[in-house]
1. Any residue at all in the stretch 262-280 that is surrounded by 14 or more Cβ atoms within 10 Å (Cβ to Cβ), in contact (Cβ under 8 Å) with a residue 12 or more places away in the chain and assigned to a loop (DSSP other than H, G, I, E, B)?
2. Please determine whether any residue of the stretch 137-149 is modelled with pLDDT of 95 or more and more than 26 Å from residue 40 (Cβ to Cβ).
3. Taking the stretch 184-201 as the search range and keeping residues that are under 28 Å from residue 31 (Cβ atoms) and under 18 Å from the mean Cα position of the chain (by Cα), which one is surrounded by the fewest Cβ atoms within 10 Å (Cβ to Cβ)?
4. Going residue by residue through the stretch 190-205, is there one that turns out to be under 25 Å from residue 119 (Cβ atoms) and modelled with pLDDT of 95 or more?
5. Go through the stretch 93-106 and give me each residue that's surrounded by fewer than 21 Cβ atoms within 10 Å (Cβ to Cβ) and farther than 17 Å from residue 162 by Cβ.
6. For the stretch 113-124, check the following and say yes or no: at least one residue is touching a strand residue (DSSP E or B) at 6+ places or on another chain (Cβ under 6 Å), buried (at least 19 other Cβ atoms within 10 Å of the Cβ) and under 23 Å from residue 292 (Cα atoms).
7. How about the stretch 303-320: which of its residues are assigned to a helix (DSSP H, G or I) and either in contact (Cβ under 8 Å) with a residue 60 or more places away in the chain or farther than 18 Å from residue 273 by Cβ (or both)?
8. So which residues in the stretch 54-67 are under 24 Å from residue 13 (Cβ atoms) and either at pLDDT below 95 or surrounded by fewer than 23 Cβ atoms within 10 Å (Cβ to Cβ) (or both), if there are any at all?
């Protein structure tokens with residue numbers, strides 16, 4: 001029997017500029033039986049992956065992206081080195097090779113941005129922070145370990161909710177979390193399609209804010225769900241033994257597929273902001289780059305006040 005084990009997480013929920021990225025990673029475990037312990041992919045793939053940066057010389061760190069992204073001021077390593085390494089090696093383990101530009105990466109992950117000039121321009125070459133040959137060795141080792149343990153990467157996908165869509169959802173629903181829900185539902189639809197080909201499915205989502213009740217949302221995708229628990233600790237839903245859905249805070253620290261999704265979402269958002277800053281620097285070479293978070297976004301908008309049109313401002317600034 002086989003288990004579909006999926007995780008969903010986001011990056012960019014709080015910023016004022018740039019996209020909200022919601023990602024999912026889905027694995028198939030070919031040797032899983034009902035009654036087995038919850039799979040711990042850090043343990044199963046322990047010969048090649050690690051929970052921390054401390055083992056990065058010999059293993060691929062997989063964890064909450066906030067723990068693994070280095071400071072933008074880092075001089076020794078590229079700030080995205082760990083995020084890039086994980087995303088590219090897992091794609092290569094599945095596909096046989098990894099993308100060598102950001103455009104190829106976006107295609108591999110199903111990423112679609114708005115048609116805006118600040119997302120256009122020449123491809124950004126990858127990898128940014130690790131030698132191509134070293135990544136190829138990582139990918140080969142990872143592929144071997146996954147094959148031996150009966151684990152396959154089924155899907156790694158990033159849904160972009162860009163500013164126009166984000167603002168439309170916010171004004172229609174008067175809820176910032178509704179934009180996140182849009183990305184979550186799209187991923188759940190995809191996982192549901194995969195579910196029909198597997199014996200069992202377990203889905204874990206990182207939970208944002210204080211919301212605890214998700215059944216009405218989940219019933220838009222999955223029928224006949226039963227609520228097992230809705231508490232500050234966890235929201236849990238099941239359909240017999242076949243399906244289990246868990247939403248819990250800080251899931252990216254506790255569940256491997258959520259951690260990998262977190263890294264993919266953050267990597268895509270950071271590349272989008274690299275494009276954003278490259279475009280505006282071409283119009284104002286003295287402009288300091290921004291990551292898009294509220295305080296610095298306000299600084300950036302103040303510095304660019306006389307150089308952006310009302311239409312450009314409307315297209316790039318979130319309303320909540």
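The values are calculated or read from the model by the stated rules, or taken from the named source; none is laboratory data. Not measured: the values here are computed from a predicted model. Don't worry about glycine lacking a Cβ; one is built from the backbone with ideal geometry, like all the others, and counts go over all protein chains shown.
1. Filtering the stretch 262-280 down to residues surrounded by 14 or more Cβ atoms within 10 Å (Cβ to Cβ) leaves 262-280.
Adding the requirement that they be in contact (Cβ under 8 Å) with a residue 12 or more places away in the chain leaves 262-280.
Adding the requirement that they be assigned to a loop (DSSP other than H, G, I, E, B) leaves none.
For the stretch 262-280, residues surrounded by 14 or more Cβ atoms within 10 Å (Cβ to Cβ), in contact (Cβ under 8 Å) with a residue 12 or more places away in the chain and assigned to a loop (DSSP other than H, G, I, E, B): absent.
2. In the first step, residues of the stretch 137-149 are kept if they are modelled with pLDDT of 95 or more; the result is 137-149.
With more than 26 Å from residue 40 (Cβ to Cβ) added as a condition, the list becomes none.
No, the stretch 137-149 contains no residue that is modelled with pLDDT of 95 or more and more than 26 Å from residue 40 (Cβ to Cβ).
3. So in the stretch 184-201, the residues under 28 Å from residue 31 (Cβ atoms) come out as 187-201.
Checking the rest, the ones that are also under 18 Å from the mean Cα position of the chain (by Cα) come to 187-191.
Values: 187: 26, 188: 22, 189: 12, 190: 19, 191: 25.
Only one residue tops the list, namely 189.
4. If we filter the stretch 190-205 for residues that are under 25 Å from residue 119 (Cβ atoms), which is where we start, we get 190.
Cutting the leftovers down to modelled with pLDDT of 95 or more gives us 190.
Looking through the stretch 190-205, at least one residue is under 25 Å from residue 119 (Cβ atoms) and modelled with pLDDT of 95 or more.
5. Those that are surrounded by fewer than 21 Cβ atoms within 10 Å (Cβ to Cβ) and farther than 17 Å from residue 162 by Cβ: 94, 95, 96, 97, 99, 100, 101, 104.
6. no
7. Initially, the stretch 303-320 is screened for residues assigned to a helix (DSSP H, G or I), giving 303, 310-316.
Within the stretch 303-320, 310, 311, 314, 315, 316 meet the criteria.
8. Narrowing the stretch 54-67 to residues under 24 Å from residue 13 (Cβ atoms): 61-67.
Residues satisfying the conditions are 61, 63, 64, 66, 67.
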